[in-house]
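What follows is a short report on a single structure.
The values are calculated or read from the model by the stated rules, or taken from the named source; none is laboratory data. Note that the structure is predicted; figures quoted are calculated from it, not measured. Neighbour counts run over all protein chains shown; Cβ positions are idealised from the backbone, glycine included.
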């Protein structure tokens, strides 16, 4: 059987690897971006000089031939679903038996005047990185539109080269539609602490043309004009499915798939950022443009393609990021504005760069979610607590089990217990300190 | 770079330039009292030869010409003794107090040059010590200072944009490797007095290892492409590497050319042991100062990370106190020179007959030293590795490790992460361990039986000479440190150190130490692998949620520090270790639905 995967990102590549583990089918991965799989999340480190492009490849180049995964560098122009054939930009047409679409995302553009000028880029593809590199020489200022995860990465990148940077954030605090207020303010402070010009409650009105088709300034909603040699568009992403629209494939915002990641056309699957789950499990969104879900979908689709029906189940939500120097981890349900049934305990370090938040159910006391800034907690432990609906007091007394900070780091779990005691008038004590053997025994329970 | 960086760098470069130039700034005048000789017959022969050659009293301002003349004269003395020996060695005189070995000639040239130094440096030793080594350290510290003012966090910006830290292309690296190996073998031929045997055996073993790595079926398709190879070679790094290599060549095999430097540390040596400085004292002084200055840099760079800070303070302490100060105090007390933390087989001369005799001649203290040394190797290594992994030694105590973790930190990213490099690593480092063990057994055989030859052909003296030359000096020194900017800071520890191999075997098969990964949080970015000085492809394990148990891991903790998603943690705990470190973990789909893969 001939399987073709469009896209060599984490979803497509995970699918290819697992299909190979499960079967002897012929596998071809097509990408127009790069010859080999690289870690998209590491693009910023190439620009900052922490790594080279080669270092961001999770597998050596011989890996693909050894595992009989054929890589093709081309752009897919169109898909003939009836004939089961792809047409490539080089005119070649490729037949397939099963097709997996893993084309990822594209940066959002909201119809701003000048948004298609040169020197205006998102930060998503390898080509975006090349453009940033190209225009960084002699750059006097960059303006970044949008304050999500990619916006702050882009700011950190320019900042590493001492290029003055302005970030325009629509909200009154950085990423406060995702982060609770305290954490959001912490990151906002941290951005400013680095000397980055963070403009809150501010939006882009238009991008100006220097007369040669290059951006040279922006005007804000407030009327202010800022001269700049680069405009970064980081106001989110959307499924990269333009080339498939207006065909037989059912597309809403993304390619609509069922729980087995099958589209409306037989033998065609969609995974990763470009897929839209038609009935997401409770508490999850239909499109989750996240590395981790892409990886899980890749693994799931491999089973389904190999005729072993497995439902896509992303499990308990988790994510992580790094806001310049502050690491961020989230497990479970930690919304920006806590729901009515939720209670929260929050502790923040006096240095303003570390915090722990635990959400739990007001009535039942079951733990719902963890939010960590500058502190590391164990994924498996937090997940188990949430899955087992563990009572928050039980969690607090054994908080040491979750601690994943390096050895000799000060443990702040006690501080959180204090916060809880203060809020409730109880006298809980931390019973379990960190230690791997205790953790593993707990996980086996 | 801000203004403080620039000032610091300027001072450092000026001090380094003066330090280098100072090798040519002294003048020399040989007087009778400078003439060396360990026995009266040597002294007489040298005196005659020196007088005949007319070098006594002659003023030299150029040490190259001076050393050439001295060598000629002393070789003449050697020849004379050789001819006299034909007529029979006088009664009651030891053969080697009469005959003059090549080693004797070399050390006589060295001590004559040092003693007869009489110029700018020799007459202003302390001043030049402060102008060169002192100012160099000061410049380094000033350069480091601004790092303390930055917001704490990972500071790896622009290392791959830096000509100093970028590394070499595969071709240039290959050139340096081949040139170094060939150079060592050719010089080794002369060093062992024209014996072909050892260079040839070494060449055969190198060929065998290359065959084992490259000759396998399918190996062609394992062509490494992401080895430590940038598109453009960083030439400042190459120049730094060449400088270090030349330094080590002079240090090991031509110390007579660096007497100006050794003279500079005479006052310090007098204050510590009461003796004149040797090249080893100079080396120890530089080594310690470098570890302290670059240790402060490491602390500044990782001041948010307590593990890194404690570890760095530890290596600074062990170098300053155990490796540098204590041995000098022992000498002052007329006890044998002893570095309490140096463990066989890294300390390969521990079981050499002169060392054992020296210890046995020192009463109960000497016996203590002997027992201590044996206990370190046979008890401390397995026990501590069992509880903490090899890191307790390699990145907390060891001197080589201490230098690698401080001076070498800017180059940690240059270690080759390819699968092929790992294959080379396993053959070479375990090969050196076997070599060290066999050499030591032969030496002990000779010690106990008095027989120099084993099985009629293996000469334990020439085996130990070759080990000292090839492994002790060539691998550990020239490649070990000279290759920091060329192949990373742990080239010796990863490919060559027999103690690391021994610690590694224990770590791999019987230790609580491992690096755990945090569930599914890995984003495969590659920071961990890139900054692993031992060339472990950490990401390979992390991205599949697999715990990491590798013999080479020295537990520096940098993978955990640079991980932007908090995925890695160094831990001591052995529950479920074989299960969690195995490849059979699937963590992305609930395990009841599908069978485990991997």
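Per-structure values
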| quantity | calculated |
| --- | --- |
| Single match in B:153, B:183 (criterion: over 21 Å from residue B:55 (Cβ atoms) and free of Cβ contacts under 8 Å to residues at least 12 places away in the same chain) | B:183 |
| Breaking point among (1) within 14 Å of chain B (Cβ to nearest Cβ); (2) assigned to a loop (DSSP other than H, G, I, E, B), for residue A:287 | (1) |
| Filter result (more than 9 Å from chain A (Cβ to nearest Cβ), more than 26 Å from the chain's Cα centre (by Cα) and part of a helix (DSSP H, G or I)) within region B:532-571 | B:541, B:542 |
| Test: residue in region A:233-256 that is over 30 Å from residue A:303 (Cβ atoms), touching a strand residue (DSSP E or B) at 6+ places or on another chain (Cβ under 7 Å) and free of Cβ contacts under 8 Å to residues at least 24 places away in the same chain | no |
| Residue match in region B:57-64 (condition: touching a residue at least 24 places away in the same chain (Cβ under 8 Å), more than 19 Å from residue B:117 (Cα to Cα) and assigned by TED's automatic domain parsing to the domain that holds residue B:95) | no |
| Any hit, region B:398-415, residues being more than 14 Å from chain A (Cβ to nearest Cβ), out of contact with any helix residue (DSSP H, G or I) (no Cβ under 8 Å at 6 or more places or on another chain) and more than 30 Å from residue B:358 (Cα to Cα) | no |
| Members of region B:462-509 that are more than 27 Å from residue B:201 (Cα to Cα), surrounded by fewer than 24 Cβ atoms within 10 Å (Cβ to Cβ) and touching a helix residue (DSSP H, G or I) at 6+ places or on another chain (Cβ under 6 Å) | B:506 |
| Filtered residues of region A:305-319 (kept if at the interface with chain B (Cβ under 8 Å from one of its Cβ atoms), part of a loop (DSSP other than H, G, I, E, B) and within 21 Å of residue B:524 (Cβ to Cβ)) | A:315 |
| Filter result (within 14 Å of chain A (Cβ to nearest Cβ), in contact (Cβ under 8 Å) with a residue 60 or more places away in the chain, in contact with a helix residue (DSSP H, G or I) (Cβ under 7 Å, 6 or more places away or on another chain) and surrounded by fewer than 21 Cβ atoms within 10 Å (Cβ to Cβ)) within region B:259-318 | B:303 |
| Selection from region A:180-214 of residues that are in a helix (DSSP H, G or I), touching a strand residue (DSSP E or B) at 6+ places or on another chain (Cβ under 8 Å) and within 13 Å of chain B (Cβ to nearest Cβ) | A:190, A:191, A:192 |
| In region A:254-276, the residues that are surrounded by 23 or more Cβ atoms within 10 Å (Cβ to Cβ), at negative phi and not in a loop (DSSP other than H, G, I, E, B) | A:255, A:257, A:269, A:270, A:273, A:274, A:275 |
| Restricting region B:1-19 to residues that are part of a helix (DSSP H, G or I) and without any contact (Cβ under 8 Å) to a residue 60 or more places away in the chain, the residue that is nearest to the chain's Cα centre (by Cα) | B:17 |
| Residue among B:461, B:445 that alone is at pLDDT below 95, in a helix (DSSP H, G or I), closer than 18 Å to residue B:355 by Cα and touching a strand residue (DSSP E or B) at 6+ places or on another chain (Cβ under 6 Å) | B:445 |
| Every residue from region A:320-354 that is over 16 Å from the mean Cα position of the chain (by Cα) and within 14 Å of chain B (Cβ to nearest Cβ) | A:325, A:326, A:349, A:351, A:352, A:353, A:354 |
| All positions within region A:64-74 that are more than 9 Å from chain B (Cβ to nearest Cβ) and not in a strand (DSSP E or B) | A:64, A:67, A:68, A:74 |
| Residues (surrounded by 19 or more Cβ atoms within 10 Å (Cβ to Cβ), farther than 12 Å from residue A:371 by Cβ and modelled with pLDDT of 95 or more) located in region A:307-325 | A:322, A:323, A:324 |
| Residue in region A:405-414 that is touching a helix residue (DSSP H, G or I) at 6+ places or on another chain (Cβ under 7 Å), within 14 Å of chain B (Cβ to nearest Cβ), assigned to a helix (DSSP H, G or I) and crowded, with 20+ Cβ neighbours inside 10 Å present | no |
| Residue within region B:521-531 that is farther than 19 Å from residue B:423 by Cβ, in contact with a strand residue (DSSP E or B) (Cβ under 9 Å, 6 or more places away or on another chain) and in a helix (DSSP H, G or I) present | yes |
| Filter result for the condition that a residue is within 28 Å of residue B:16 (Cα to Cα) and either surrounded by fewer than 17 Cβ atoms within 10 Å (Cβ to Cβ) or within 14 Å of chain A (Cβ to nearest Cβ) (or both), over B:123, B:118 | B:123 |
| Residue within region B:52-63 that is touching a strand residue (DSSP E or B) at 6+ places or on another chain (Cβ under 6 Å) and in a helix (DSSP H, G or I) present | no |
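Residue by residue, here is whether (1) in contact with a strand residue (DSSP E or B) (Cβ under 9 Å, 6 or more places away or on another chain); (2) more than 9 Å from every other protein chain (Cβ to nearest Cβ); (3) within 22 Å of residue A:127 (Cα to Cα) holds:
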| position | (1), (2), (3) |
| --- | --- |
| A:1 | yes, yes, no |
| A:10 | no, no, yes |
| A:15 | yes, yes, no |
| A:34 | yes, yes, yes |
| A:57 | no, no, yes |
| A:92 | yes, yes, no |
